[in-house]
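Before I ask anything, let me first share the structure, which is written out below as structure tokens.
The values are calculated or read from the model by the stated rules, or taken from the named source; none is laboratory data. Source: prediction; values computed, not measured. Here the Cβ is made from the backbone with ideal geometry for all residues, glycine too, and neighbour counts use every protein chain on show.
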Amino acid sequence: MLPQELLKLTKNEALKTASPRLAGSIAAALVDGTDRFSDEDYEFLKFHGVYQQDDRDKRKTGKQYMMMVRTRFPGGVLTGRQYAACDDLSDRYGNGTLRITTRQDFQFHGVLKSNLRNTIHALNEELMTTIAACGDVARNVMAPPTPAASPFVELILEQARRLSDALAPRSSAYHSIWIDGTELDLKEPQPTPEPDPLYGRAYLPRKFKVAFAVPPVNEVDIYANDLGFVAIVENGSLTGYNVLAGGGLGMSHGNANTFPRLADVIGFITPDHLEAAAKVVLTIHRDFGDRTNRKHARLKYVIHERGVDWFRAEFERRLGAGLEPARPFTFTRHGDQFGWHPQADGNWFLGIFVENGRIANRDGYQLKTALRRAIEAFVPEVRLTAWQNLLLVGVKPEDRASIDAILAEHGVSSKNPFSRTRLASMACPSMPTCGLGLAESERALPSILTNLESLLAELGLDNEEIAVRMTGCPNGCSRPYLAEIGLVGKAPGKYQVYLGGNFAGTRLNRVYKDSVKTEEIIPELRVVLARFLNERLPGERFGDFCERAVLDSNSSGSAHSKI
């Protein structure tokens, strides 16, 4: 029986406070012979990088449980050997695919409970981890992965790794369960565990997302994060970071008190304050976040309600130093670089489009096998992007032709011969694995894009680049609220249509149509694209045109509340 004071909190808060080691009965459940974990262990599993799911396509015959396992790769960086290990595990214990997330991680889908410990143990054997990939902690720290983006990319990736380590929870339960394969002896009295030195006994009210960006390319959608560090380069030196705080895109349909929000620019810090600043922002979330309503528990609501001035004063008080005024910066675009590009060290990197992040083999397009063969043969570094694509980094000039040949042998071209709009697209997994999905996403977007490409060609707009993002529910894992066209699942076969994001990732889009059937999406877009063809300004992008000429005159459109 939980103490009365804990019953006022959400279920998650009560569980965390009562069991701060985050162990639950996971270890015992791993050997109990069943195919699922209890509802309480389901919540603890998230802190270990695991979501319990079931195949929703098969629910008519009963729930078939499986696990999604997520890695934590700061900046999306892993070695060629680590990639090969992940590829092996996806075949041995998963569903034969690797899924790149929008936070530069891998997800393994279809892992059975009986194979869960083997999967996580094997990842750790290759110096990879899943701890803090999910749960009410700081998630994977994002950073620009593209070598040619800035001479400071490698330095920032190293800082992202260090910050990821500094923000990781210290619970010993992860190591004892997944590495040692042991559990607490629940029959013996146990000492009260020490609270985590950073997170305390109850950890955070909700997840906490951190990212780095280097202007002018917004490679990570920096404004969508709880905490962002924008690199400031002056006179050829990295002088420090502008601190952004309070971003987040998740919302709930029909709940006006939930909404996507862009982060605010708080001020400037020098590099020596980086870790301290991150911990300050995290602890403000820890101490002021709402622990009675998980839909209202993100840092963005703290800043929205208390104000930026309050937040800045609290930040300075905890840091013990004043913030300098933010330095000027501008983002002009976001997205990835595809094809071959030179690096400053004389080597090359190859950007490869991975549709919706799913590394898989399909008829005539054996991407998974092609990547594995190329990576095994030449052992490049692998980097995962925030747009769900993949970079092979550090390739010697003399190896480029051989990699091209391996790819071509499997139906893959290093030239990425896809439309500019398809290259700028993203979708979340949704059905059949995600329990939150209200509508299709990953399985629906490719055909929608094919029809959109036909429409663009018909209108003579086939060379346009339009960022399209689709998600199966309003939580927004594919960041649809920053897209030029956002499709957000509302019910089976029905979507909200958002228009008007910009290609720098610095403006939220707005609702254009509140409920559109799948088969009506292209006819609805035809009307707007026809206007775009005839009314656009010289050089104007589709999202900018929609913001200027379409949304304010659209009677059914509405801005996000509270923005």
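So, in segment 30-44, how many residues would count as being buried (at least 20 other Cβ atoms within 10 Å of the Cβ) and either in contact (Cβ under 8 Å) with a residue 40 or more places away in the chain or assigned to a strand (DSSP E or B) (or both)?
Qualifying residue count for the region: 1.
Filter segment 111-127 down to the residues that are closer than 15 Å to Ala27 by Cβ and touching a strand residue (DSSP E or B) at 6+ places or on another chain (Cβ under 8 Å), then identify the one that is surrounded by the most Cβ atoms within 10 Å (Cβ to Cβ).
Residues of segment 111-127 that are closer than 15 Å to Ala27 by Cβ, as a first pass: 113-114, 116-118, 120-121.
Remaining after also requiring touching a strand residue (DSSP E or B) at 6+ places or on another chain (Cβ under 8 Å): 113, 116, 120.
Working: Lys113: 19, Leu116: 25, Ile120: 28.
The residue in question is Ile120.
Oh, and also: For Gln52, work out the one condition from (1) of a type outside the set (Asp, Glu); (2) more than 18 Å from Gly181 (Cα to Cα); (3) part of a loop (DSSP other than H, G, I, E, B); (4) within 25 Å of the chain's Cα centre (by Cα) it doesn't fulfil.
Every listed condition holds for Gln52 apart from (3).
Report, by residue number, each residue of segment 55-76 that is of a type in the set (Lys, Arg), more than 21 Å from Thr102 (Cβ to Cβ) and in a loop (DSSP other than H, G, I, E, B).
Lys63 - this is the single residue of segment 55-76 that is of a type in the set (Lys, Arg), more than 21 Å from Thr102 (Cβ to Cβ) and in a loop (DSSP other than H, G, I, E, B).
Checking Gly460 against (1) part of a helix (DSSP H, G or I); (2) in contact (Cβ under 8 Å) with a residue 12 or more places away in the chain; (3) surrounded by fewer than 16 Cβ atoms within 10 Å (Cβ to Cβ), which single condition isn't satisfied?
Every condition holds for Gly460 apart from (1).
Just one of (1) among the basic types (Lys, Arg); (2) closer than 22 Å to Pro147 by Cβ; (3) in contact with a Lys or Arg (Cβ under 7 Å, 6 or more places away or on another chain); (4) surrounded by fewer than 20 Cβ atoms within 10 Å (Cβ to Cβ) trips up Arg81, so point out which.
The failed condition is (3).
Is it true that Ile284 is outside any helix (DSSP H, G or I), of a type in the set (A, V, I, L, M) and either surrounded by 14 or more Cβ atoms within 10 Å (Cβ to Cβ) or at pLDDT 95 or above (or both)?
For Ile284, the condition - outside any helix (DSSP H, G or I), of a type in the set (A, V, I, L, M) and either surrounded by 14 or more Cβ atoms within 10 Å (Cβ to Cβ) or at pLDDT 95 or above (or both) - is not met.
Would you check which residues across segment 46-71 are free of Cβ contacts under 8 Å to residues at least 60 places away in the same chain and of a type in the set (A, V, I, L, M) and list them?
Residue satisfying the conditions is Met67 alone.
So how many residues does segment 324-343 have that are touching a helix residue (DSSP H, G or I) at 6+ places or on another chain (Cβ under 9 Å), at pLDDT below 95 and at negative phi? Full working, then the answer.
At the first step, the residues of segment 324-343 found to be touching a helix residue (DSSP H, G or I) at 6+ places or on another chain (Cβ under 9 Å) are 331, 334-338, 340-343.
From what's left, at pLDDT below 95: 334-335.
Checking the rest, the ones that are also at negative phi come to 334.
Counting residues in segment 324-343 that are touching a helix residue (DSSP H, G or I) at 6+ places or on another chain (Cβ under 9 Å), at pLDDT below 95 and at negative phi gives 1.
Can I ask one more? Taking the stated definitions as given, is Ser515 among the polar types (S, T, N, Q), under 21 Å from the mean Cα position of the chain (by Cα) and at pLDDT 95 or above?
So Ser515 fails the test.
Let me ask you something else. Please work out if Glu324 is among the acidic types (Asp, Glu) and either surrounded by fewer than 18 Cβ atoms within 10 Å (Cβ to Cβ) or without any contact (Cβ under 8 Å) to a residue 40 or more places away in the chain (or both).
On the way: among the acidic types (Asp, Glu): yes; either surrounded by fewer than 18 Cβ atoms within 10 Å (Cβ to Cβ) or without any contact (Cβ under 8 Å) to a residue 40 or more places away in the chain (or both): yes.
When the stated conditions are applied, Glu324 passes them.
Yes/no per residue for (1) assigned to a loop (DSSP other than H, G, I, E, B); (2) within 29 Å of Phe329 (Cβ to Cβ):
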| residue | (1), (2) |
| --- | --- |
| Arg469 | no, yes |
| Ser478 | yes, yes |
| Gly489 | no, no |
| Val497 | no, no |
| Phe503 | yes, yes |
| Ser515 | no, no |
| Glu519 | no, no |
| Ile522 | no, no |
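Would you please name the residue that is nearest to the chain's Cα centre (by Cα), looking only at residues in segment 77-133 that are among the small types (Gly, Ala, Ser), on the phi < 0 side of the Ramachandran plot and assigned to a loop (DSSP other than H, G, I, E, B)?
This residue is Ala133.
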